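What follows is a set of notes on a single structure, which appears directly below.
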Amino acid sequence: GDNMGSKNGLLPRWYSSLGNIKLIVQKLRDIIPEIKPNKRGQPPKHPIRDYVVLIVLKEFKNASLRDAETDWSEYVCGKRIDHSVIHYWEQNIPAEIIENAVRKAGKELEKILGYGFSVIDATSFANWHNENSSFHVLTRVHEGTVYPVSVTMDTYSPIPNTKAVLIPGKGFLMADKWYDVNGVFRVVYKNGYIPLISPQRTRGRGYWRRKARKVYSREWMKYRQRGRGESVFGSLTNWFGDRLHTRKRLTTYLRSCARILCYQIKMLIRAGSGCLRVCLLVMLVNN
């Protein structure tokens, strides 16, 4: 059958190809577009996309800059890249490159898996100085599976953050009390969702909020499932830990986005396609 022996249509977590460098790099190259270098200054020696792939691969393997230099730089870039160069690009690649890659991978997962409802939530990673860098993530919940589809940096302002992280969708969108702002409800409705946002008792004004309150009073039992959307953060912490050896806030955020992309790449490999499914079929037949 099409489910390949898994209740949610995914390959099992222990499947050996999840760590296959060739497969990971190929998936990253499919998702990350060619990036034009800045016209000013000397052009980079290698395509910027290769540096981005190398940085994400480093996160995937939970490795150091020196590991990235010695183990994978030659495979990805065709030539050994000094760790200081990798570090330079890690600090200078615009965050929107990885944000856009996260959205593209999210769309692919949506096509393959579909979803029942969505959750928007914020979390943070601490840097070298124990300063938290927070970010908002939009996740889709599909049966027993949760996957992120969009990320944005926290600016501590609900309406701009919601506008930045939301992509058009359908069904219920769940969020906690921090998002109980009239303008947020408006953004949620405009993007095609039905908001199921925990109400703050001291707030009650606004057309969009009143409209959403009626939904919440009817559907509040469903809101109990919001916790399922937070399982992505637990998985990221289990995989990578909750601290980054970074000093700059932007670098912390870029690496956080890279980790979300790693999670998606693993999900895409588990979702399987083409030769991957054939390989698994052969393995099942042989057993």
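The values are calculated or read from the model by the stated rules, or taken from the named source; none is laboratory data. Keep in mind that what you see is a predicted model, and the values were worked out from it rather than measured. Using ideal geometry, Cβ is built from the backbone for each residue, glycine included, and neighbour counts are taken over all protein chains shown. Remember, those area values only see protein heavy atoms, side chains included, never the ligands or the DNA or RNA. Shrake-Rupley method; radii C 1.70, N 1.55, O 1.52, S 1.80 Å.
What to note about this one:
- Some residue of segment 171-189 being at negative phi and under 16 Å from the mean Cα position of the chain (by Cα): no
- Members of segment 178-188 that are open to solvent by 50 Å² or more (accessible area, probe 1.4 Å) and touching a Pro at 6+ places or on another chain (Cβ under 7 Å): 178
Residue-wise test of (1) more than 22 Å from residue 261 (Cβ to Cβ); (2) crowded, with 22+ Cβ neighbours inside 10 Å; (3) without any contact (Cβ under 8 Å) to a residue 12 or more places away in the chain.
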{"site": "42", "(1), (2), (3)": "yes, no, yes"}
{"site": "52", "(1), (2), (3)": "no, yes, no"}
{"site": "77", "(1), (2), (3)": "no, no, no"}
{"site": "80", "(1), (2), (3)": "yes, no, yes"}
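- Of the set (1) at pLDDT 90 or above; (2) over 20 Å from residue 260 (Cβ atoms); (3) touching a Cys at 6+ places or on another chain (Cβ under 9 Å), all apply to residue 47 but (1).
- All of (1) of a type in the set (Ser, Thr, Tyr); (2) within 19 Å of residue 234 (Cα to Cα); (3) modelled with pLDDT under 95 hold for residue 139 with one exception: (3).
- Counting only helices (runs of 4 or more DSSP H) wholly contained in segment 197-287, the ones carrying 1 or more residues that are under 27 Å from residue 152 (Cα atoms) and modelled with pLDDT of 85 or more occupy 207-219, 231-240, 249-271.
- As for segment 117-139, it holds no residue that is farther than 26 Å from residue 243 by Cβ, crowded, with 16+ Cβ neighbours inside 10 Å and without any contact (Cβ under 8 Å) to a residue 60 or more places away in the chain.
- Residues in segment 219-251 that are touching a residue at least 24 places away in the same chain (Cβ under 8 Å) and among the charged types (D, E, K, R): 219, 222, 226, 228, 230, 242, 243, 247, 248, 249.
- The residue list 165, 146 contains one member that is without any contact (Cβ under 8 Å) to a residue 60 or more places away in the chain and surrounded by 16 or more Cβ atoms within 10 Å (Cβ to Cβ), which is 165.
- Within segment 215-258, considering residues that are within 17 Å of the chain's Cα centre (by Cα) and open to solvent by 70 Å² or more (accessible area, probe 1.4 Å), the one nearest to residue 126 (Cα to Cα): 242
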